[in-house]
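The values are calculated or read from the model by the stated rules, or taken from the named source; none is laboratory data. The shown structure was predicted, so the numbers you read here are calculated from the model rather than taken from an experiment. We place every Cβ from the backbone using ideal geometry, glycine too, and count neighbours over all the protein chains shown.
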Amino acid sequence: MTIWPEPRLLPCGDRALSVELGDEVNRELNARVLALEYLLHQQRLPGVGETVPSYRALLVYYDPLVVGYDALSATLRELWTRARPDVLPPARTVELPCCYEGEMGFELAAAAQKLGLSPDELVRLHAGAEYYVYFVGFTPGLPYMTGMPDRLTIPRLQNPRTKTPPGSVAIGGVQCCIYSIESPGGFWVLGRTPVRLYDPTAADPILLRAGDHVRFRAIDRAEYDAIAALVDAGRFAPRIETA
Amino acid sequence: MSALLVQDGGPLTTIQDLGRFGHLRVGIPTSGPMDREAFVLANRLVGNADNAAGLECTLLGPRLEFTDERLVAVTGADMAPTLNGAAAPAWQGLRVKPADVLRLGPARSGVRAYVAVAGGIETPLVLGSRATYPRGRLGGLDGRALRKGDRLPLGAITAARPLRVRPDRIPAYAGEAEVAVVLGPQDDRFTPAGIAAFLEGPYEILPQSDRMGARLKGPFIEHTHGHDIVSDGVPMGGIQVIGEGQPIVLLADRQSAGGYTKIGTVCSFDLGRIAQIKPGGRLRFRRVTVADAHAMLRDSRRALDTAIE
């Protein structure tokens, strides 16, 4: 069991602390992290700044000239006792079109071979799954997700790429991610979504949130191009359902 | 309209304010000045609020032309500023008039100089901030470093007299620094020998260092069992130790989360010292408790508030 019976409060310098709830990738654990974050912001405690949820910990920035470490720790411990997933608002499900063809999925064939599947089977299994967003970050808007069938568990690339095009949908280990800006990468790129996960020109630049569910819809190149044109014109909104 | 004209941008001059807050949880870094103290002093010298947008200049400064009368101040790295070709003092407010040209040269000591102009730079607010985050093409001027021909809108000014930083409070950037560090959050993933090596140092700053992080080279820091963790949030000043047992101090434009062990966190009030060490310069870490760190933060705020005369 790597969910701690009590939260571990770990100092992160003079202006942040980490509330660590466990040490594994586990949806129940992550939901408790998100619930703790939610309750903390509802509390509106003076001196509490930004929070960064992740798989198993909540990083909390604070102003020590306003709230002391001990007082903040006590509040976090108290909130933790109430931090259950049912305090969270209903989850959203976001449908993302994804083109697995040709250059869009430039590592699809290699990944399929590595997994002993045909490329078509890999696409069917990948697009048929429902994904859960544990948290968003590393680069702006990048979702850390799981949800793939066990068949698709794959070691990361031995030699990470230096550049991955934004929108690339990729897998590594049990995880799936979508690169949000051009960046290095160690996951296998299976396809690309024309939807922008990060759009610095938009009023709200980030599409996905921690706790969201994601489904992929396989599209062909023609539809990719059509949606990309709508995205460029600011006239495409992905389908979002709230449970 | 009042503007600051960029005759030459220098290699990496960006618009910064104190930073963009509230979006780390979706991976958008705070950005803001790498040396907060020098940045804030520049603003105060010209009568601006601490958060007014100014320029961060890296290693080699820009050439700037003014279009009206107002105050300007240069702080941080010593880039031997000149006004219309004549040496102009840093760390104090200077009065400029239309067509005056301020030039900053190569850094003689330190790495990052700050230019504050009375009224502040008034490029559009993006997510509540004017700070530039070039990797995400966000904020500043079109999310990028300045270049020749740029025209930066300036805010309205109120009457203010030029101030100066007390000479004994002007930092000497020695190319070496000792910074306070609180151990954790993953100090339990290092052996006692690893922690001792880390605290003994010194570590050399490598040229690959940038606004994301300072890459260091020095004594090997031994892990108990590998450097991978279940990814978690990366605090400002967090010190990741990667496979080769070498540390990286994560800074203003850092990734919001990561999967490497973090041995400690550099305290906020000492981050500016790291920002001013040139590649090849050396850094040592001194262990403090959280309570020490908070007392030191108060002292550093007090020092900042009494630095100007």
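Could you list all residues from the range A:1-58 that are among the hydroxyl-bearing types (Ser, Thr, Tyr) and away from chain B (no Cβ under 11 Å)?
Residues of the range A:1-58 that are among the hydroxyl-bearing types (Ser, Thr, Tyr), as a first pass: A:2, A:18, A:38, A:51, A:54-55.
Listed by number, the list holds a single entry, A:Tyr38.
Conditions: (1) assigned to a loop (DSSP other than H, G, I, E, B); (2) crowded, with 21+ Cβ neighbours inside 10 Å; (3) within 14 Å of chain A (Cβ to nearest Cβ). B:Ser231 meets all but one. Number of the miss?
Failing condition for B:Ser231: (1).
When the range A:117-140 is examined, which residues are found to be touching a Phe, Trp or Tyr at 6+ places or on another chain (Cβ under 6 Å) and either within 16 Å of A:Arg92 (Cβ to Cβ) or within 14 Å of another protein chain (Cβ to nearest Cβ) (or both)? Explain how you work it out, then say what you get.
Of the range A:117-140, the ones touching a Phe, Trp or Tyr at 6+ places or on another chain (Cβ under 6 Å) are A:123, A:127, A:134-135, A:140.
Within the range A:117-140, A:Tyr134, A:Phe135, A:Pro140 qualify.
Residues checked against (1) assigned by TED's automatic domain parsing to the domain that holds A:Thr139; (2) in contact with a strand residue (DSSP E or B) (Cβ under 8 Å, 6 or more places away or on another chain); (3) farther than 14 Å from A:Gly105 by Cβ:
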{"position": "A:Gln158", "(1), (2), (3)": "yes, no, yes"}
{"position": "A:Lys163", "(1), (2), (3)": "yes, yes, yes"}
{"position": "A:Gly172", "(1), (2), (3)": "yes, yes, yes"}
{"position": "A:Glu182", "(1), (2), (3)": "yes, yes, yes"}
{"position": "A:Val189", "(1), (2), (3)": "yes, yes, no"}
{"position": "A:Tyr198", "(1), (2), (3)": "yes, yes, yes"}
{"position": "A:Leu207", "(1), (2), (3)": "yes, yes, yes"}
{"position": "A:Arg215", "(1), (2), (3)": "yes, yes, yes"}
{"position": "A:Phe236", "(1), (2), (3)": "yes, no, yes"}
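Got at least one residue in the range A:61-78 being part of a loop (DSSP other than H, G, I, E, B) and either closer than 20 Å to A:Pro5 by Cα or away from chain B (no Cβ under 14 Å) (or both)?
Checking the range A:61-78: not a single residue is part of a loop (DSSP other than H, G, I, E, B) and either closer than 20 Å to A:Pro5 by Cα or away from chain B (no Cβ under 14 Å) (or both).
Test A:Leu65 against the stated conditions and say whether it is under 24 Å from the mean Cα position of the chain (by Cα) and either surrounded by 18 or more Cβ atoms within 10 Å (Cβ to Cβ) or not aromatic (Phe, Trp, Tyr) (or both).
no
Can you find, within the range B:105-122, the residue that is farthest from the chain's Cα centre (by Cα) among those that are outside any loop (DSSP other than H, G, I, E, B) and surrounded by fewer than 22 Cβ atoms within 10 Å (Cβ to Cβ)?
B:Pro106
Of all residues in the range A:141-174, which are among the small types (Gly, Ala, Ser) and more than 14 Å from chain B (Cβ to nearest Cβ)?
A:Gly147, A:Gly167, A:Ser168, A:Ala170
Which of the residues spanning the range B:170-193 are within 14 Å of chain A (Cβ to nearest Cβ) and aliphatic (A, V, I, L, M)?
Residues satisfying the conditions are B:Val179, B:Ala180, B:Val181, B:Val182, B:Leu183.
Determine whether A:Tyr100 is over 29 Å from A:Ala31 (Cβ atoms), touching a residue at least 24 places away in the same chain (Cβ under 8 Å) and crowded, with 20+ Cβ neighbours inside 10 Å. Before the answer, list the steps.
Values: over 29 Å from A:Ala31 (Cβ atoms): yes; touching a residue at least 24 places away in the same chain (Cβ under 8 Å): yes; crowded, with 20+ Cβ neighbours inside 10 Å: yes.
Yes: the conditions hold for A:Tyr100.
In the range A:221-232, is there at least one residue being in a loop (DSSP other than H, G, I, E, B), assigned by TED's automatic domain parsing to the domain that holds A:Gly116 and either aliphatic (A, V, I, L, M) or under 30 Å from A:Gly116 (Cβ atoms) (or both)?
Within the range A:221-232, the first condition is being in a loop (DSSP other than H, G, I, E, B), and the residues that meet it are none.
The answer is no, given that none of the residues of the range A:221-232 is in a loop (DSSP other than H, G, I, E, B), assigned by TED's automatic domain parsing to the domain that holds A:Gly116 and either aliphatic (A, V, I, L, M) or under 30 Å from A:Gly116 (Cβ atoms) (or both).
Determine the pairs where a residue that is in contact (Cβ under 8 Å) with a residue 40 or more places away in the chain and at the interface with chain A (Cβ under 9 Å from one of its Cβ atoms), located within the range B:251-270, has a partner that is basic (Lys, Arg) and in a strand (DSSP E or B) with Cβ atoms under 9 Å apart, the partner being 6 or more residues away or on another chain.
Once the first residue is in contact (Cβ under 8 Å) with a residue 40 or more places away in the chain and at the interface with chain A (Cβ under 9 Å from one of its Cβ atoms) and sits in the range B:251-270, its partners that are basic (Lys, Arg) and in a strand (DSSP E or B) give B:Gly264/B:Arg287.
Under 6 Å by Cβ, and 6 or more places apart or on different chains, what pairs join a residue from the range A:192-213 that is farther than 23 Å from A:Val33 by Cβ and facing chain B (nearest Cβ under 10 Å) with one that is among the aliphatic types (A, V, I, L, M) and crowded, with 19+ Cβ neighbours inside 10 Å?
Cβ pairs passing all conditions: A:Pro200/B:Leu138.
What's the total number of residues in the range B:271-309 that are away from chain A (no Cβ under 14 Å) and assigned to a loop (DSSP other than H, G, I, E, B)?
9
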